[in-house]
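Novice: Can you read through this structure? Questions will come right after.
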Amino acid sequence: MHPLRKQRLIVVSLVVVLSSAAVGLVAFALRDNINLFYPPADVVAGKAPVDRNIRLGGMVVEGSIERSSTELDTTFWVTDYEASVAVRYSGILPDLFAEGEGVVAEGMLDDNGVLIATQVLAKHDENYMPPEVAAALEGKAALGEAAVLP
Amino acid sequence: MGSPPWFFRFSGAVVRWLLPLTIGLLLLGAAWGLLVAPPDFRQGNSYRIIYVHVPAAVVALAGYYVMAFAGAVSLIWRIKMADVTMRAVAPVGAVLTAVALVTGAIWGKPTWGTWWVWDARITSMLILLFLYLGVIALFEAYENKTAAARACAVLSLVGTVNIPIIYKSVDWWYALHQPASIKFTGESAIDSSMLHPLLLMIGAFYCLFALTVLLNMRAELVWNHREASWLKQMVRNV
C-alpha cells in the first residue's frame, strides 16, 4: 500500500478505536443511570433513592395481585427471584400485565418500603409463538414432561 | 470500479432485476406475515408490526456500517464514488431508523402501555437517527463537496460506536425493550411459523435498501455529470 494511504488508514482506525474507547468509558461510568429500572434486590438493599421517583422492574409474583372491588387500586409484588418489593397502583393496567410476567413500575417508595406507583408498564419478553404452541407447552408442563416442541 | 460511466451502466443493469425482486419479496413477505402467519399467544395480531419494525431496524444498523465503510474508503483512497455512496445511504438509513422508531412506538402503546420510554435501546436508536440526519445536514452545509465528504466521513466513523451499543443495549443494561428473539446460535425465541416470514421481510428490506441507495447514487451521478458527453450519449441511446 502507498505510504500516504497507509498513514490515512492508521488515522482512520485510530479515530474509530479512540472514539469507541471514549464512548465506552462514558457508558461504563454512567451505567447506573443508563439502566431503566432498579431490580427489587437493589431496592431492598437500599441502593435506590427513597426521596424521589424511581423505576422498579422485575416479574409479578404469582398469586400476589390483589384488586380492590370498588376502586382501581391494585397491589402486587415484584421479584427478581432474590428479593421482592410490594407495589401499589391506582389506574388502568396495560393489557399484558399479568402474574409471572415482566413489569416496570415508576413511583416513590413509602416508609414501609412499598412502591406507590404513578405508572405501570408491561415488559414483554422475547417469546413469540402461536396460541396452539403455547397451549401445547402448557399441557406438557402440566403433565410434568419436558417442554419440547413437536 | 470508480468510473462513473461504468457504474452508471452496471447499476442500471442491477436495478432492472433488483426492482421486481424487491417488490416481489416485499409483497410475498407482507402477505405471509400479515395473512398466513398465526397470531401471537399473548399479543394477538398486534405483534404483526414486527414484520416492518425488525427489518427496518436491522437494515438501519447494517446501512450505517455501509455508510461508515464508504467514509473510510473516501478518507483513505479519495475515491469519488465512495462520497456518492455515503451521501446516498444517509437519507435511506434515516428513513429506516424513523420507521423503526415510529412502528416501535405504535407497538409499545398497546403492549407496554406507553408510546415512549428513555431506555438504552430506544435512546441509542434515536441517536442513530440524529447521526444520519447529522450526515445529511453536514453534506448540505459545505459549498465544497470534497470538504463536505471528508467531514461526513469522520462523523460516520465516530458514530460507528453507536451500532454495537444499540445491538447489545438490551443485554448490557436493564431496558424495557425485550432482548433479541432471533438467535444466531441456538433456537430462536420466536416460533418458526412466525420467524420464516420475518427472515423473508429482512431479506426484502435489504433489497429495498440496495435498490434505493443505487437509485440515489444514479441520481447524484446524473447531477454531477450533467454536462458530460458519456452521459448525454447514454441518455440518447435509451
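Novice: For each of A:Ser84, B:Ser3, count neighbouring Cβ atoms within 10 Å of the residue's Cβ, then give the residues from fewest to most.
Specialist: Placing the least packed residue first, the sequence is B:Ser3, A:Ser84.
Novice: What's the angle, to the nearest 10 degrees (0 to 90), between helix B:162-172's Cα axis and the longest principal axis of chain B?
Specialist: Value to nearest ten degrees: 10.
Novice: Let me ask another. Calculate the spin-label point distance for A:Ala98 paired with B:Ala31, positioning each point 7 Å from the Cα along the beta-carbon direction, and give it in nanometres.
Specialist: Placing both labels 7 Å beyond Cα along the Cβ direction yields 3.3 nm.
Novice: Averaged over every viewing direction, what's the projected area of the C-alpha convex hull for the range B:54-158? Give it in nm², one decimal, please.
Specialist: Details: hull surface 25.8 nm².
For the Cα atoms of the range B:54-158, the hull's average projected area reads 6.5 nm².
Novice: Still on this structure, please answer the following. Please list, in chain and number order, the residues 5+ apart from B:Asp191 or on another chain whose amide H is under 5 Å from its amide H, with Hs placed from the backbone.
Specialist: A:Tyr128, A:Met129
Novice: Now for a different question. Against the longest principal axis of chain A, how steep is helix A:131-142, in degrees 0 to 90 to the nearest 10, with axes from Cα atoms?
Specialist: So the inclination is approximately 70 degrees.
Novice: For B:Leu138, what is the net charge nearby, where nearby means another residue's Cβ is under 14 Å from its Cβ and Lys, Arg count +1, Asp, Glu -1? Could you put the intermediate results ahead of the total?
Specialist: Values: positive: B:Arg87, B:Lys145, B:Arg150; negative: B:Asp83, B:Glu140, B:Glu143.
With Lys, Arg at +1 and Asp, Glu at -1, the net is 0.
Novice: For an R0 of 25 angstrom, estimate the FRET efficiency from the Cβ-Cβ distance between B:Thr146 and A:Gln7 and round to the nearest 0.05.
Specialist: On the way: r = 19 Å, r/R0 = 0.75.
It comes out at approximately 0.85.
Novice: Grab the other residues whose beta carbon is less than 15 angstrom from that of B:Trp6, score K and R as +1, D and E as -1, and report the net. Write out the running numbers ahead of the final one.
Specialist: Numbers: positive: B:Arg9, B:Lys80, B:Arg218; negative: none.
Net local charge, B:Trp6 excluded: +3.
Novice: Determine Rg/Rh for chain B; Rg is computed over alpha-carbon atoms and Rh is the Kirkwood hydrodynamic estimate from the same atoms.
Specialist: 1.02
Novice: With a 10 Å cut-off between alpha carbons and a GNM built on chain A, which of A:Pro49, A:Pro130, A:Pro40 moves the most?
Specialist: Result for chain A, Cα springs under 10 Å: A:Pro130 fluctuates most.
Novice: Just to be sure I follow the rule: in the protein assembly as shown, considering lysines 8 or more places apart or on different chains, how many pairs have Cα atoms under 24 Å apart?
Specialist: Pairs that pass both the separation and distance tests number 11.
Novice: Take A:Thr75 and B:Phe10, extend 7 Å from each Cα along the Cα→Cβ direction, and tell me the distance between the two endpoints in nm.
Specialist: Result: 7.1 nm between the two label points.
Novice: So, one more: Could you work out which residue, out of A:Leu18, A:Leu137, A:Leu93, moves most in a Gaussian network model of chain A, that is, has the largest mean-square fluctuation with Cα springs under 10 Å?
Specialist: Taking springs between Cα atoms under 10 Å, the residue moving most is A:Leu137.
Novice: Please report, for the Cα atoms of the protein assembly as shown, the Rg to one decimal and the Dmax as a whole number; what are they, in angstrom?
Specialist: My reading of the Cα-based Rg and Dmax gives 25.1, 82 Å.
Novice: Output wanted: per-residue J couplings in Hz (rounded whole) for the range B:118-124, from phi through Karplus 6.51 cos²θ - 1.76 cosθ + 1.60, θ = phi - 60°, x for Gly and Pro.
Specialist: My calculation for the range B:118-124 gives 8, 8, 4, 5, 6, 5, 5 Hz in order.
Novice: Please list, ordered by chain and number, the residues whose modelled amide H lies under 5 Å from the amide H of B:Ala175; skip anything fewer than 5 residues away on the same chain.
Specialist: So B:Ala175 has HN proximity to A:Leu36.
Novice: If you don't mind, there's one more thing I want to ask. What does the helix-only formula give at 222 nm for the protein assembly as shown: each DSSP H stretch with n ≥ 4 adding -39500 (n - 2.57), the total divided by the residues, and the result rounded to the nearest 500 deg cm²/dmol?
Specialist: Numbers: 12 runs with 226 residues, N = 388.
For the protein assembly as shown, the value works out to -20000 deg cm²/dmol.
Novice: On to the next question. Using a basic spin-label model with each label point 7 Å from the Cα along Cα→Cβ, how many nm lie between A:Leu14 and B:Val235?
Specialist: 4.5
Novice: Report the residues of the range A:50-73 in range of a label on A:Met108: point 7 Å along Cα→C-beta, backbone N strictly under 13 Å from it.
Specialist: A:50-54
Novice: So what are the ³J(HN,Hα) numbers for the range B:12-19, from phi and the Karplus equation (6.51, -1.76, 1.60; θ = phi - 60°), rounded to whole Hz, Gly and Pro as x?
Specialist: x, 5, 5, 4, 4, 9, 6, 4
Novice: May I pose another question? Pick from B:Gly104, B:Gly93, B:Gly186: which residue has the top mean-square fluctuation in a GNM of chain B where Cα pairs under 10 Å get a spring?
Specialist: B:Gly186
Novice: In terms of modelled amide H atoms, which long-range or inter-chain residues lie less than 5 Å from the amide H of A:Gly58?
Specialist: Distant-sequence amide H within range of A:Gly58: A:Val103.
Novice: Give a residue-ordered list of calculated ³J(HN,Hα) values for the range B:142-154 (Karplus: 6.51 cos²θ - 1.76 cosθ + 1.60, θ = phi - 60°; whole Hz; x for Gly, Pro).
Specialist: 9, 6, 7, 5, 5, 5, 4, 4, 5, 5, 5, 4, 5
Computed from the coordinates by the stated procedures, all read-outs in this text should not be read as laboratory data. None of these values were measured; they are calculated from a predicted model. When we count neighbours, we look across all protein chains shown, and the Cβ atoms used for this are built from the backbone with ideal geometry, even at glycine.
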